[in-house]
Amino acid sequence: MGSISILKKSCLWTFTILALLFIFLPSTYLLAISLEPSELERIPRNLSDFSLKWYIRLFHQERLPGAIKQSVMVGLLTAGITSFLSLLSGMCYRKLRKKSYFLGLLIFPMFVPGIIAAISLSVFFRLISIRSSMYTVVLGHVLYALPYATIVTLVSFSGLKEGFIEAARDLGASGFRAFKDIIFPLTRGGIFGAALFGFLLSLNEFIRAYFLSGWQETLSIYMFGQMKGGADPSIYALAGLILSVSIFLVLVALVYYSFIRYSSRSFA
Amino acid sequence: MGKPPGFAGGSLNQNSSVTSYQCANLLKNIRKFKISKSKERILFFIQLLPPALFVIILGVFPLVLIIIWSFWEPTTYWIKPDLTIAAYHKFFTAGRYLTFLKTLRVSCTVTFLALIIGYPIAYFIRKIVSEKYRNILLLTFIIPFFLSYIIRVFSLRLILGRYGVINNVLLWIGLISDPLEGLLFSELAVHIGLLSSYLPFMIFPIVLSIERVGESTIEASQDLGATFFQTLIRVIIPLTKPGIFAGCIFVFVSSLGSTVEWDLLGGVGEFSTPQMLESLMTALKFPSAFAISTLILAMTMCVLLLGFKYAKIAELFETLE
């Protein structure tokens, strides 16, 4: 678009940056507040005022370690199952005749409002008399993360040419060998992305966990309770901690992806 | 997996007389090929069935279940088979539909706002910004998907609250002398919360659909003398209908089903359908909860069908094929 003037372009830049501020400023502000030692909701006034006081307080919260452990377990299981299922769908997607039906089915859960998915799953588990536990939460979370994971995986599989696999098979590679040496190395970015989606979506999910978990609460449920109950500023520290962990994982993923891109470039 | 290895040598063409050894070899290879073909089919189903069955059993069947159960009769702790519309009748007589309409109105407003804000941003990212910045911008809009929406909504309290950023700034400028009270715990706050949660959901489908509009199409329109806005309205927007529709459905469905924004930002009087569902479930009033769920589902499915039929949402995913 050569016809766009500098003025219009800078207007659009401003607009986009304002939208980004609208999305990110509140969380950033919360991170800053979590470092203020007093009970006031404000950013520390001096550089020397920054303290991890409220973060250290988190160690004294009795129910927190259990919730963290539960969330990490649920997240890891969700990540594993989600990436496995989306890997399978990526593998068979090439050979499918009616691709859009399959894709439509797999991304369908994305269009079901969260609370309805949660309610329907909880009564379904009740029907087949499965008690609420960590595993019911995992199943709910896999269903929630699968559409996103499938899309990420299919994008990475779309770069995989059928000829590569044929070539491997013609050279005498077994199906497993072709998977190990050709398919997996070329699609690992998508599979890893699926796992990341599984873990982080599960970690941060609330309503499904609320309806599906047993006596042991997840981190999101615990945090939501604290937020509603008007707890002390350590809630900011807890939120800050979860934000930091999420951002750290996203950064790790970014480094990993640029590494994959770099290595595949040198390979080409 | 092209042809069986026995065909590859071309030995049939060279010799007109085929030895029985070659014949036997060929048959063996054909049998092998058939076996590997059927093995491949089995493998194909092993790959296809787990994800498909997972979604059918846990994602589709339970929804059918609550639709059926919404016509059953309540008992003290559970429900029993029946065919009654009592739950739906209650929905309209007990004033629950008013809450439903309010939730619907808020969701529509938020969807509209997200479209107005999201479209220019998506267009900017895909067509105007240079490639270097495009990826950075796309990435920054992906990050919210990975952050806790509870925390993001909760942190808005710090911005909108009585001692929050907005009030402090306004006081500092001198526009107001007392902090504004109505910012937090109001319908306005709920709108803001929903918008900040779901804006990225609007941007991505639109970016995808703008990607599919070729540069030459836009150039052709401009060569024919169309101004920028004529091109936008006559060419680009009609061609990006799938993205617009998909984004609107995402935002609409998500805000229709979200509880957190109402819980954390809404006032005491603010009550939404998802919260109503939550309390109905806690009160063991199952058929009523199922009836409301069915209504929401029916609406969602209608919007979805419309999207697939008239806006060709499926085109968005063609790049995957």
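The values are calculated or read from the model by the stated rules, or taken from the named source; none is laboratory data. Given the structure is predicted, the values throughout are model-derived calculations rather than measurements. Here the Cβ positions follow ideal geometry from the backbone for every residue, glycine too, while neighbour counts run over all protein chains shown.
Evaluation of B:SER177 against the conditions (1) under 27 Å from A:VAL245 (Cα atoms); (2) surrounded by fewer than 20 Cβ atoms within 10 Å (Cβ to Cβ) shows that the sole unmet condition is (1). Of all the residues in the stretch B:264-278, those that are assigned to a loop (DSSP other than H, G, I, E, B) and surrounded by 18 or more Cβ atoms within 10 Å (Cβ to Cβ) number 3. If you check A:ILE43 against the conditions, is it over 26 Å from A:LEU201 (Cα atoms) and either more than 18 Å from the chain's Cα centre (by Cα) or surrounded by 15 or more Cβ atoms within 10 Å (Cβ to Cβ) (or both)? For A:ILE43, the condition - over 26 Å from A:LEU201 (Cα atoms) and either more than 18 Å from the chain's Cα centre (by Cα) or surrounded by 15 or more Cβ atoms within 10 Å (Cβ to Cβ) (or both) - is met. Only a single item in (1) under 13 Å from the mean Cα position of the chain (by Cα); (2) more than 8 Å from chain A (Cβ to nearest Cβ); (3) crowded, with 20+ Cβ neighbours inside 10 Å is not met by B:VAL303, and it is number (3). Against the definition (under 29 Å from A:ALA209 (Cβ atoms) and surrounded by fewer than 22 Cβ atoms within 10 Å (Cβ to Cβ)), how does A:ILE116 come out, yes or no? So A:ILE116 does not fit the description; no.
With respect to the conditions (1) part of a helix (DSSP H, G or I); (2) without any contact (Cβ under 8 Å) to a residue 12 or more places away in the chain, A:VAL155 lacks only one, and its number is (2).
Residues that are within 18 Å of A:GLY198 (Cβ to Cβ), facing chain B (nearest Cβ under 8 Å), in a helix (DSSP H, G or I) and under 22 Å from the mean Cα position of the chain (by Cα) are absent from the stretch A:123-138. Among the candidates B:ILE136, B:ILE176, B:ILE116, B:ILE128, the residue that is at the interface with chain A (Cβ under 8 Å from one of its Cβ atoms), aliphatic (A, V, I, L, M) and free of Cβ contacts under 8 Å to residues at least 12 places away in the same chain is uniquely B:ILE128. Residues of the stretch A:88-101 that are more than 7 Å from chain B (Cβ to nearest Cβ), crowded, with 20+ Cβ neighbours inside 10 Å and not small (Gly, Ala, Ser): A:TYR93 alone. B:LEU65 meets the conditions (1) loosely packed, with under 15 Cβ neighbours inside 10 Å; (2) closer than 22 Å to B:LEU256 by Cα; (3) not polar (S, T, N, Q) in every case but one. The failed one is (1). The lone criterion from (1) touching a helix residue (DSSP H, G or I) at 6+ places or on another chain (Cβ under 8 Å); (2) over 25 Å from A:GLY90 (Cα atoms); (3) modelled with pLDDT of 85 or more; (4) not assigned by TED's automatic domain parsing to the domain that holds B:PHE250 left unmet by B:ILE68 is number (1). Please find, within the stretch B:54-68, the residue that is farthest from A:ILE81 (Cα to Cα) out of those that are within 7 Å of another protein chain (Cβ to nearest Cβ) and touching a residue at least 40 places away in the same chain (Cβ under 8 Å). Taking the candidates together, the pick is B:ILE66. Looking at the stretch B:158-170, can you tell me whether even one residue there is among the hydroxyl-bearing types (Ser, Thr, Tyr) and out of contact with any helix residue (DSSP H, G or I) (no Cβ under 9 Å at 6 or more places or on another chain)? Yes, there is a match, as at least one residue in the stretch B:158-170 is among the hydroxyl-bearing types (Ser, Thr, Tyr) and out of contact with any helix residue (DSSP H, G or I) (no Cβ under 9 Å at 6 or more places or on another chain).
Only a single item in (1) surrounded by 21 or more Cβ atoms within 10 Å (Cβ to Cβ); (2) more than 10 Å from every other protein chain (Cβ to nearest Cβ) is not met by A:GLY240, and it is number (2). Just to be sure, is B:PHE100 in a helix (DSSP H, G or I), more than 11 Å from every other protein chain (Cβ to nearest Cβ) and surrounded by fewer than 15 Cβ atoms within 10 Å (Cβ to Cβ)? The answer is no for B:PHE100.
Close Cβ contacts (under 7 Å, 6 or more residues apart or on different chains) running from residues in the stretch B:260-288 that are closer than 16 Å to B:SER70 by Cα to residues that are of a type in the set (A, V, I, L, M) and not in a helix (DSSP H, G or I) comprise B:PHE286/B:ILE79; B:PRO287/B:ILE79.
Against the test of being in contact with an Asp or Glu (Cβ under 7 Å, 6 or more places away or on another chain) and either buried (at least 18 other Cβ atoms within 10 Å of the Cβ) or at the interface with chain B (Cβ under 8 Å from one of its Cβ atoms) (or both), the options A:SER220, A:SER213, A:SER234, A:SER246 yield a single qualifying residue, A:SER220.
When residues in the stretch B:125-137 are screened for being part of a helix (DSSP H, G or I) and crowded, with 16+ Cβ neighbours inside 10 Å, 6 of them pass.
Only one of the listed residues (A:LEU105, A:LEU88, A:LEU77, A:LEU121) is touching a His at 6+ places or on another chain (Cβ under 9 Å), of a type in the set (A, V, I, L, M) and modelled with pLDDT of 90 or more. That residue is A:LEU77. When A:ALA168 is tested against the conditions (1) more than 30 Å from A:ILE119 (Cα to Cα); (2) touching a Lys or Arg at 6+ places or on another chain (Cβ under 9 Å); (3) hydrophobic (A, V, I, L, M, F, W, C); (4) facing another protein chain (nearest Cβ under 10 Å), the lone failure is (4). Scanning the stretch B:69-83 for residues that are among the aliphatic types (A, V, I, L, M) and either away from chain A (no Cβ under 11 Å) or closer than 21 Å to A:PRO147 by Cβ (or both) yields one hit, B:LEU83. Which of the helices (runs of 4 or more DSSP H) contained wholly in the stretch B:195-263 include at least 1 residues that are within 11 Å of chain A (Cβ to nearest Cβ) and crowded, with 22+ Cβ neighbours inside 10 Å? In the stretch B:195-263, the matching helices (runs of 4 or more DSSP H) lie at B:241-256. Kindly indicate whether any position in the stretch B:156-173 is assigned by TED's automatic domain parsing to the domain that holds B:VAL251, surrounded by fewer than 17 Cβ atoms within 10 Å (Cβ to Cβ) and under 28 Å from the mean Cα position of the chain (by Cα). Scanning the stretch B:156-173, I find no residue that is assigned by TED's automatic domain parsing to the domain that holds B:VAL251, surrounded by fewer than 17 Cβ atoms within 10 Å (Cβ to Cβ) and under 28 Å from the mean Cα position of the chain (by Cα), so the answer is no.
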